[in-house]
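The values are calculated or read from the model by the stated rules, or taken from the named source; none is laboratory data. Just so it is clear, the model here is predicted, and its values are computed rather than measured. Glycine also receives a Cβ, built like all others from the backbone with ideal geometry; neighbour counts cover every protein chain displayed.
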Amino acid sequence: MTRAANSDSTSKTFHVVARTETDTAGLGAALAQHAKRGDIIALEGPLGSGKTVFARGFIQALCGDSTVVPSPTFTLVQIYDAPEFPLWHCDLYRLEDEEDVLEIGLEEAFADAVTLIEWADRLGRWLPHRRLSVAFAGEDRDESRRIVLDGDSDWRERLEGLTANAAT
Ligand SMILES: Nc1ncnc2c1ncn2[C@@H]1O[C@H](COP(=O)(O)OP(=O)(O)O)[C@@H](O)[C@H]1O
Ligand SMILES: [Mg+2]
């Protein structure tokens with residue numbers, strides 16, 4: 001797995017190339033070590049790009065490797081009991097009305113839980129600005145995925161730690 005940080009005066013994003021599914025899950029697991037209550041992580045990218053693989057790595061790092069992590073495509077949300085906070089894994093692909101997020105209690109989760117959200121753009125105006133965006137793109141020739149992480153200053157400090165650790 002290769003990692004790099006690009007910076008200019010206004011933004012700083014972190015780029016990772018995950019060559020295998022294990023790399024993608026490993027990035028999720030590494031990020032999980034830096035998670036804290038109230039974090040919102042938007043997983044972006046087309047179907048099959050690795051969003052659920054990343055979420056599975058993240059969840060299993062906190063809840064145990066044997067934790068079964070199904071794709072919440074039909075249930076919209078699966079809630080896990082991580083040691084320090086509730087952990088929400090959402091897949092909003094089938095969200096019909098953005099107001100339905102109130103019904104599943106997502107607003108409260110944004111404050112009290114750590115929330116991983118696939119298809120977060122379905123939230124429209126309900127998607128908070130304070131979030132980490134993790135964007136997945138497939139490579140044409142092989143199974144590797146380009147992953148771009150982009151967050152506010154609080155996230156950037158944590159991502160720098162992640163990149164530094166990876167370099168050692
Ligand atoms: N580098 C990689 N990272 C993540 N998944 C990969 C990778 N290479 C191949 N795959 C495969 O791509 C698929 C990703 O599926 P999934 O995570 O469910 O996608 P999404 O949730 O984005 O729709 C899995 O079948 C996985 O085995
Ligand atoms: Mg998925």
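Of the conditions (1) in a loop (DSSP other than H, G, I, E, B); (2) surrounded by 18 or more Cβ atoms within 10 Å (Cβ to Cβ); (3) out of contact with any Ser or Thr (no Cβ under 9 Å at 6 or more places or on another chain); (4) not aromatic (Phe, Trp, Tyr), PRO72 clears all except one; give me its number. Condition not satisfied by PRO72: (3). Annotation for the stretch 15-33: no member residue is in contact with a Pro (Cβ under 9 Å, 6 or more places away or on another chain) and modelled with pLDDT of 95 or more. Can you tell me how many residues in the stretch 48-74 are over 15 Å from the mean Cα position of the chain (by Cα), within 16 Å of ligand 2 (Cβ to nearest atom) and in contact (Cβ under 8 Å) with a residue 12 or more places away in the chain? Summing the residues that are over 15 Å from the mean Cα position of the chain (by Cα), within 16 Å of ligand 2 (Cβ to nearest atom) and in contact (Cβ under 8 Å) with a residue 12 or more places away in the chain in the stretch 48-74 gives 2. Could you please find all residues in the stretch 15-56 being closer than 21 Å to SER153 by Cα and in a loop (DSSP other than H, G, I, E, B)? The answer is GLN33, HIS34, ALA35, LYS36, ARG37, GLY38, ASP39.
Within the stretch 16-29, the set of residues being more than 11 Å from the chain's Cα centre (by Cα), crowded, with 20+ Cβ neighbours inside 10 Å and of a type in the set (Gly, Ala, Ser) comprises ALA18 only. In the stretch 29-67, the qualifying residues are those that are in contact with a Phe, Trp or Tyr (Cβ under 9 Å, 6 or more places away or on another chain) and hydroxyl-bearing (Ser, Thr, Tyr), and the one that is farthest from ASP81 (Cα to Cα) is SER49.
Just one of (1) in a loop (DSSP other than H, G, I, E, B); (2) free of Cβ contacts under 8 Å to residues at least 24 places away in the same chain fails for PRO128. It is (2). Out of GLY45, GLY38, one residue alone is at positive phi and more than 12 Å from the chain's Cα centre (by Cα). It is GLY38.
Within the stretch 126-136, the residues that satisfy the criterion of being modelled with pLDDT of 95 or more and surrounded by fewer than 19 Cβ atoms within 10 Å (Cβ to Cβ) are SER133, ALA135. Take the conditions (1) within 28 Å of ARG125 (Cα to Cα); (2) away from ligand 1 (no atom under 16 Å from the Cβ); PHE54 misses just one of them, which is (2). Contact annotation: residue pairs with Cβ atoms under 6 Å, 6 or more positions apart or on different chains, pairing a residue in the stretch 85-104 that is within 16 Å of ligand 1 (Cβ to nearest atom) with a partner that is assigned to a helix (DSSP H, G or I), are TRP88/ALA109; HIS89/ALA55; LEU92/ARG122; LEU95/ARG122. Restricting to the stretch 41-69, name every residue that is among the small types (Gly, Ala, Ser) and surrounded by fewer than 19 Cβ atoms within 10 Å (Cβ to Cβ). Within the stretch 41-69, GLY48, GLY64, SER66 qualify.
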